[in-house]
Amino acid sequence: MNGRFPIALHIMTLLCSAEGLLPSEYMAGSINVNSALVRKELSNLIKNKLVSSQEGKNGGYTLARSAAQITLAEIYETVKPQSVLGQAKNEPNPACPIGKQINQHITALYVDVDKALMQRLGNTTLLAFVAKFN
C-alpha cells in the first residue's frame, strides 16, 4: 500500500470544490505536504486526463471534466500500486506442498480483491464523494 491515492483524492476533492483555478501551494497547505509532491501527483492526473492546468501569473489547476463524470476508480487507476495487499520479496520453497502453490492462490486472491475494490470505487463519482463535505 502507498499514500498516493489519498493525496490524489484530496487534490481532486479540492479541485471539485474550487471556484476557478487552484494553485498547487494551496493544495499542499490543505494536504499538509510539500508542494513538489502535489505537483508530481498533479502531473500524473494531467497525464491521465483528469486535471488540466493553466500556466502564468494567475494560473493553476482545474478538473479536466465534470466531477459527475469522474469515478473514484479512475482516480485510483492513476496511482494504483502493482499489488494492493503487498508483494513478497522471497520465492517460496518449490519442494513444499504449500510453497509450490501459494503464489498462484495469492494471485487469484489479489485479482478478486482488485475487482471488488474497482467495482466499489467505480460506483462512486467524485461529485458524490465531495457531497459528503457539505
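The values are calculated or read from the model by the stated rules, or taken from the named source; none is laboratory data. This one's a predicted model, so the numbers in the text were calculated from it and none came from an experiment. Cβ sites come from the backbone with ideal geometry, for glycine too, and all protein chains shown count toward neighbours.
Here are a few things to note about the model shown:
- Figure legend. Inter-residue proximity from the range 1-26: first residues over 17 Å from residue 53 (Cα atoms), second residues surrounded by fewer than 17 Cβ atoms within 10 Å (Cβ to Cβ), beta-carbon distance below 6 Å, spacing 6+ or different chains. Indicated pairs: 2/81.
- Residue match in the range 108-117 (condition: modelled with pLDDT under 95, among the acidic types (Asp, Glu) and not in a loop (DSSP other than H, G, I, E, B)): yes
- Count - residues of the range 9-22 that are assigned to a helix (DSSP H, G or I) and surrounded by 15 or more Cβ atoms within 10 Å (Cβ to Cβ): 8
- Yes/no for residue 78 being modelled with pLDDT of 95 or more and within 29 Å of residue 114 (Cβ to Cβ): no
- Comparison of 93, 103 shows that the only residue that is of a type in the set (S, T, N, Q) and assigned to a loop (DSSP other than H, G, I, E, B) is 93.
- If you go through the range 107-134 and keep only what is surrounded by 12 or more Cβ atoms within 10 Å (Cβ to Cβ) and either in contact with a Lys or Arg (Cβ under 6 Å, 6 or more places away or on another chain) or more than 17 Å from residue 75 (Cα to Cα) (or both), you end up with 110, 113.
- Residues located in the range 32-55, provided they are under 22 Å from residue 125 (Cα atoms), surrounded by 14 or more Cβ atoms within 10 Å (Cβ to Cβ) and out of contact with any Gly (no Cβ under 9 Å at 6 or more places or on another chain): 38, 41, 42, 44, 45, 46, 48, 50, 51, 52
- Residues in the range 28-63 that are within 13 Å of residue 11 (Cβ to Cβ), hydrophobic (A, V, I, L, M, F, W, C) and part of a helix (DSSP H, G or I): 28, 31, 37, 38, 42, 45, 46.
- In the condition set (1) more than 27 Å from residue 134 (Cα to Cα); (2) without any contact (Cβ under 8 Å) to a residue 12 or more places away in the chain, residue 53 is compliant with all but (1).
- Taken together, 74, 25 contain a single residue that is under 18 Å from residue 122 (Cα atoms) and not in a loop (DSSP other than H, G, I, E, B), which is 74.
- Residue check, residue 76 closer than 26 Å to residue 16 by Cα and surrounded by 14 or more Cβ atoms within 10 Å (Cβ to Cβ): yes
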